[in-house]
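Undergrad: Can you keep this structure in mind? I'll have questions shortly.
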Amino acid sequence: AGHAQAFELAAGQLADVLEGRTVDAVGHRVVHGGVRFTAPALIDDEVPGAIERLNPLAPLPNPPGVQCIRAAVRAWPGVPQVAVFDTAFHRTLPEHAWRYALPDELYRRHGIRRYGFHGTSVEYAGRRAAGLLGVPWEEFDAVVAHLGNGASVTAGRGGRSVDTSMGFTPLEGLVMGTRPGDVDPGILVFLQREGYGADELDGMLNRASGLKALAGHNDMRAITDAAAAGDGAASLALDIAAHRLARYIGGYH
């Protein structure tokens, strides 16, 4: 019926897998930590509510994340649990990379700035690549692409994030499974004047855009197969996604 019930089913099956061993700690990946969470946080009574207040900034991943945190606390009371935030790795962005050219009040009152996401994946992939190449992490310069239903590109210098394609929310940047990536903000103003409400726009941008809007699917395997079979819409979707990806990688290089 939902993520919490799915977690409880998985936790029940885990007992057989552990074969008598106990759970010593639980780590939770959380997509948006806002300005509040700049490093991993030990979960207490207050942390889940603080994460929940960030739900409007990441409406797809944050709500089920909070549900699973609460389910895990119920399943393993007394076991230390830690939230690890995708945004934390990008807190090294210089101000000229994270600030929008908007009135300063919007940042001071509402925290509207570029946060970046996929930081846990980007840092892992970067550290792994640096190790394989024999380059110290503190000297590693790279462009790291996190490609999937959610997608982003990060520029790293000296093991630190210096620019990334996602922004205030995970909507900015690359063409994704159901998200459009970069769009002219004037389009949203135009649509509002045409009668579209905030919830309708939110649903369209998060769940009905991107590859799904272009090709009818948000599964890259189905789109690739359709393109190979001569489907023009699928081929165009791949071209649009690849064009945006190449533009970001080239710019960061």
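The values are calculated or read from the model by the stated rules, or taken from the named source; none is laboratory data. Fair warning: this is a prediction, and the values are worked out from it, not measured in the lab. Cβ coordinates were reconstructed from backbone atoms using ideal geometry, including for glycine residues, and neighbour counts include every protein chain displayed. Just so you know, the surface numbers come from the protein's heavy atoms only, side chains and all, with ligands and any DNA or RNA stripped out. Shrake-Rupley method; radii C 1.70, N 1.55, O 1.52, S 1.80 Å.
Undergrad: Roughly speaking, what is the stretch gain from LEU9 to ARG29, that is 0.36 nm per residue apart minus the C-alpha to C-alpha distance, in nm to one decimal? If you can, show how the numbers build up before the last one.
TA: Details: separation 20, 0.36 × 20 = 7.20 nm, distance 1.91 nm.
Here the segment from LEU9 to ARG29 would lengthen by 5.3 nm.
Undergrad: Now a separate question. Order ILE69, ILE187, most accessible first, counting only protein heavy atoms with a 1.4 angstrom probe.
TA: Numbers: ILE69 0, ILE187 80 Å².
The residues order as ILE187, ILE69, largest area first.
Undergrad: For the chain, which whole percent of the accessible surface, found with a 1.4 angstrom probe, sits on carbon and sulfur atoms? All intermediate terms of the calculation are to be shown ahead of the outcome.
TA: Details: 7820 of 13950 Å².
Percent of accessible area from carbon and sulfur atoms in the chain: 56.
Undergrad: So for the chain: antiparallel DSSP bridges make up what percent, rounded to the nearest 5? Display every interim value, and only then the final one.
TA: Details: 11 of 16 bridges.
Antiparallel: roughly 70 percent of the beta bridges in the chain.
Undergrad: Based on the alpha-carbon gyration tensor of the chain, what equivalent-ellipsoid semi-axes (square roots of 5 times the eigenvalues) come out, in whole Å, largest first?
TA: Details: eigenvalues 182, 110, 101 Å².
They are 30, 23, 22 Å, listed from largest to smallest.
Undergrad: Rolling a 1.4 Å sphere over the protein heavy atoms, what is the accessible area per residue of the chain, to the nearest Å²?
TA: On the way: 13950 Å² over 253 residues.
Spelled out: the 1.4 Å probe surface of the chain, per residue, equals 55 Å².
Undergrad: Taking a ≥ b ≥ c as the square roots of the eigenvalues of the Cα gyration tensor of the range 164-253, is the shape rounded (a/c under 1.5), prolate (a/b larger than b/c) or oblate? Spell out each step's value before the answer.
TA: Numbers: a/c = 2.27, a/b = 1.31, b/c = 1.73.
Oblate.
Undergrad: In Å, what is the Rg of the alpha-carbon atoms in the range 35-145, and how long is Dmax?
TA: When restricted to the Cα atoms of the range 35-145, Rg and Dmax are 16.6, 46 Å.
Undergrad: Further question: How big is the gap, in Å, between the Cα center of the range 74-110 and the Cα center of the range 178-253?
TA: If you average the Cα positions of each part, the centres end up 26 Å apart.
Undergrad: Right, here's the next one. Arrange the residues TYR248, TYR115, TYR100 by how much accessible surface each exposes, largest first, with a 1.4 angstrom probe.
TA: Values: TYR248 40, TYR115 5, TYR100 60 Å².
Ranked list, largest accessible area first: TYR100, TYR248, TYR115.
Undergrad: Any number yet on Rg/Rh for the range 95-165, C-alpha, Kirkwood?
TA: On the way: Rg = 14.3 Å, Rh = 13.3 Å.
The Rg/Rh ratio comes out at 1.08.
Undergrad: Tell me the net charge near GLU172. Cut-off is 11 Å between Cβ atoms, GLU172 excluded, with +1 for each Lys or Arg and -1 for each Asp or Glu.
TA: Values: positive: ARG114, ARG179; negative: ASP182.
Once positives and negatives cancel, what remains is +1.
Undergrad: Around VAL47, with a cut-off of 12 angstrom between Cβ atoms, what is the net charge of the other residues, counting Lys and Arg +1 and Asp and Glu -1? Present the calculation step by step, with values, prior to reporting the outcome.
TA: Details: positive: ARG36, ARG53, ARG70; negative: ASP44, ASP45, GLU46, GLU52.
Taking every other residue near VAL47 into account, the sum is -1.
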